[in-house]
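One structure is given here, and the rest of the page talks about it.
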Amino acid sequence: MSAPTVAAVVLAAGGGRRYGMPKALVEYGGSLLVERALRTAREVCDPVLVVLGAQAVDVWRRADLGGAVVLANKDWESGMASSLRTGLEGLRGWPDRIDAALVLLVDMPGMTIDALQRMAAPAAPDALAVATYDGVRAHPVLLGREHWTGVIETATGDEGARRYLADHEVTEVDCTGLADPTDLDVPPSGVPSAP
């Protein structure tokens, strides 16, 4: 039996209201956040889908998105759930069977290949798993194919899959020490928010 096929869905559509600009366009450590997320995901997952929304054309022009399938979420202003739905619907139409989706947020520059590999390990069509750091649930989240329809139907606003996960048995995968789960909600002090 072959290993499960795990796709990555990088959610990079938000306008970054608190940050002052779309986080996909934020430079961090010499590259854009969306490029960092894509590079990390590509080491573990195939295919990698990147969901863009706010200033999508600017992101597409400025960022090196090589090796990714880019999806546009025209409803990005309604919240993260619309991007999650866009990504999962894109996978449902994929020509090859995808067993599970690893969902990553663009604004977590401390995500690592090691953490993604650990999260991808329990991949299966019926898998539901969430990363924990010191016992606290965070990202990434692993969604087996059998759960995609339920997630698409219940995801609203900025909650993403939270409601669906709360109603189902979820495997917690300890990623403590493997990655930094901090997300960049506001610019570091003293750093201008515009490129």
Inset, instruction - Return yes when ASP167 is free of Cβ contacts under 8 Å to residues at least 24 places away in the same chain and at negative phi and no when it is not. - result: yes
Legend entry - region 48-70, residues that are surrounded by fewer than 19 Cβ atoms within 10 Å (Cβ to Cβ) and either part of a loop (DSSP other than H, G, I, E, B) or not β-branched (Val, Ile, Thr) (or both): GLN55, ASP58, TRP60, ARG61, ARG62, ASP64, GLY66, GLY67
Inset, instruction - Go through region 1-12 residue by residue and tally those that are within 21 Å of GLY160 (Cβ to Cβ) and modelled with pLDDT under 95. - result: 0
Legend entry - So ALA63, is it at pLDDT 95 or above, within 15 Å of VAL141 (Cα to Cα) and not aromatic (Phe, Trp, Tyr): no
Legend entry - Residue list for region 105-135, filter: farther than 20 Å from HIS168 by Cα and either within 14 Å of the chain's Cα centre (by Cα) or hydrophobic (A, V, I, L, M, F, W, C) (or both): LEU105, VAL106, ASP107, MET108, PRO109, GLY110, MET111, THR112, ILE113, ALA115, LEU116
Legend entry - All positions within region 167-184 that are at pLDDT 95 or above, hydrophobic (A, V, I, L, M, F, W, C) and touching a Pro at 6+ places or on another chain (Cβ under 8 Å): VAL173, CYS175
Inset, instruction - Tally the residues that are out of contact with any helix residue (DSSP H, G or I) (no Cβ under 8 Å at 6 or more places or on another chain) and over 24 Å from LEU32 (Cβ atoms), restricting the search to region 82-96. - result: 4
Legend entry - Single residue of ARG85, ARG145, ARG92, ARG137 found to be among the basic types (Lys, Arg) and under 17 Å from ALA12 (Cβ atoms): ARG85
Inset, instruction - Would you confirm whether any residue within region 132-150 is in contact with a helix residue (DSSP H, G or I) (Cβ under 9 Å, 6 or more places away or on another chain), over 23 Å from ALA3 (Cα atoms) and without any contact (Cβ under 8 Å) to a residue 24 or more places away in the chain? - result: yes
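Does THR132 count as polar (S, T, N, Q) and in contact with a strand residue (DSSP E or B) (Cβ under 8 Å, 6 or more places away or on another chain)?
yes
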Legend entry - Residue match in region 146-161 (condition: at pLDDT below 90, on the phi < 0 side of the Ramachandran plot and of a type outside the set (Ser, Thr, Tyr)): yes
Inset, instruction - Those residues that are aromatic (Phe, Trp, Tyr) and either under 25 Å from SER78 (Cα atoms) or in a loop (DSSP other than H, G, I, E, B) (or both), I need them from region 1-47; list them, please. - result: TYR19
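The values are calculated or read from the model by the stated rules, or taken from the named source; none is laboratory data. This is a predicted model, so every value here is computed, not measured. Positions of Cβ are backbone-derived with ideal geometry, glycine not excepted, and every protein chain shown enters the neighbour counts.
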